[in-house]
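Enquirer: One structure, pasted below without further comment.
Derivation of every value follows stated rules applied to the coordinates shown; laboratory data play no part. The model shown is predicted, which means the values in this text are computed figures rather than measured ones. For neighbour counting, all protein chains shown are included, and Cβ atoms are generated from backbone atoms with ideal geometry for every residue, glycine included.
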Amino acid sequence: MRIIDRKLAYDGHYKLSQLQVQDEETVLKRERFEPGTAVAALVYNTQTQQYILTRQYRVGPEKELVEIAAGMIDAGEGPEEAVRREIQEELGFDVDYLEKIVPMLPSPGTSAEVITIFYAEVSNQSGEGGGLAEENEKIEAVYYRPEELWQTAFEDGKTLIAVQWARLRKQ
């Protein structure tokens with residue numbers, strides 16, 4: 001298979017492309033969602049020995065979700081810089097230690113999105129967190145002891161991956 005034509009169908013908050021994909025003699029029309037490149041982190045406070053996740057409204061499922069801190073990589077940023085910024089914006093913490101878990105494709109059948117998942121250790125809360133007012137973010141920090149985290153049912157894929165990684169690594 002190969003892409004033989006690409007057109008930008010929508011250019012708003014996110015992008016949507018229309019592709020023509022050739023598979024031998026067959027030409028298929030497909031749409032590809034292009035949200036950009038993101039980062040996410042499972043954050044562990046070494047002082048309180050708790051994991052810190054976020055609760056916020058998500059338009060996809062049309063409800064609030066508890067998930068790991070996450071956000072888009074801004075122009076000129078690398079993944080490590082972006083994840084440190086997101087942790088500060090959403091939770092108000094400076095990062096002491098950062099480890100890459102995995103870059104992942106959350107929905108490769110329809111989306112070009114790549115999310116790099118990290119594990120971060122923090123101990124110093126230097127800001128308020130809660131997200132950025134100019135981005136209309138209203139983020140609440142949610143705290144879990146390790147045994148509580150292992151028992152919690154999450155719906156978000158990146159959170160499931162990070163929690164499973166931590167559970168296998170920590171036990």
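Enquirer: Starting from the amide H of GLN50, placed 1.01 Å from N in the peptide plane, find each other amide H under 5 Å away whose residue is 5 or more places distant or on another chain.
Expert: ASN45
Enquirer: Between TRP150 and ALA112, what FRET efficiency comes out of the Förster formula 1/(1 + (r/R0)^6) with R0 = 30 Å and r the beta carbon distance, rounded to 0.05?
Expert: Numbers: r = 33 Å, r/R0 = 1.09.
Using R0 = 30 Å, I get an efficiency of 0.40.
Enquirer: Return the sequence-ordered ³J(HN,Hα) values of the stretch 117-127 in whole Hz as given by the Karplus equation 6.51 cos²θ - 1.76 cosθ + 1.60 applied to θ = phi - 60°, using x for Gly and Pro.
Expert: 9, 10, 10, 10, 10, 10, 8, 10, 8, 9, x
Enquirer: How large is the Kirkwood hydrodynamic radius of the chain, counting all unique pairs of alpha carbons, in Å? Write out the running numbers ahead of the final one.
Expert: Working: mean 1/r = 0.0576 Å⁻¹.
Result for the chain, one decimal place: 17.4 Å.
Enquirer: Which parts of the stretch 57-75 would a label at GLU140 reach, counting a residue when its backbone N lies under 19 Å from a point 7 Å out along Cα-to-Cβ?
Expert: Flagged as within label range: 57-70.
Enquirer: Can you list the residues, at least 5 places off or on another chain, whose amide H is less than 5 Å from the amide H of GLU64, using H built in the peptide plane?
Expert: ARG58
Enquirer: Could you state the angle between the C-alpha long axis of helix 79-91 and the longest principal axis of the C-alpha atoms of the chain, as a value from 0 to 90 degrees rounded to the nearest 10?
Expert: Around 50 degrees separate the two axes.
Enquirer: Per residue of the stretch 44-54, what does 6.51 cos²θ - 1.76 cosθ + 1.60 with θ = phi - 60° give for ³J(HN,Hα)? Whole Hz please, x for Gly and Pro, Karplus curve as stated.
Expert: 10, 8, 6, 6, 9, 6, 10, 7, 10, 10, 10
Enquirer: Need the list of lysines near LYS15 for cross-linking: C-alpha distance under 20 angstrom, and skip anything on the same chain fewer than eight residues off.
Expert: LYS7, LYS29
Enquirer: A further question follows. For LYS170, project a label point 7 Å along Cα to C-beta. Then give me every residue of the stretch 23-48 with its amide nitrogen under 12 Å of that point.
Expert: 42-48
Enquirer: Please give every one of the lysines within straight-line cross-link reach of LYS100, meaning a C-alpha to C-alpha distance under 18 Å, and leave out same-chain neighbours fewer than 8 residues apart.
Expert: Hits, sequence-local ones excluded: LYS158, LYS170.
Enquirer: Right, another one. Using a cut-off of 18 Å between alpha-carbon atoms, which lysines can reach LYS138, once sequence neighbours fewer than 8 places away in the same chain are excluded?
Expert: LYS138 reaches LYS63.
Enquirer: Can you list the residues, at least 5 places off or on another chain, whose amide H is less than 5 Å from the amide H of VAL142, using H built in the peptide plane?
Expert: Residues meeting the criterion, in which the H sits 1.01 Å from N, are LEU53, THR54, ARG55.
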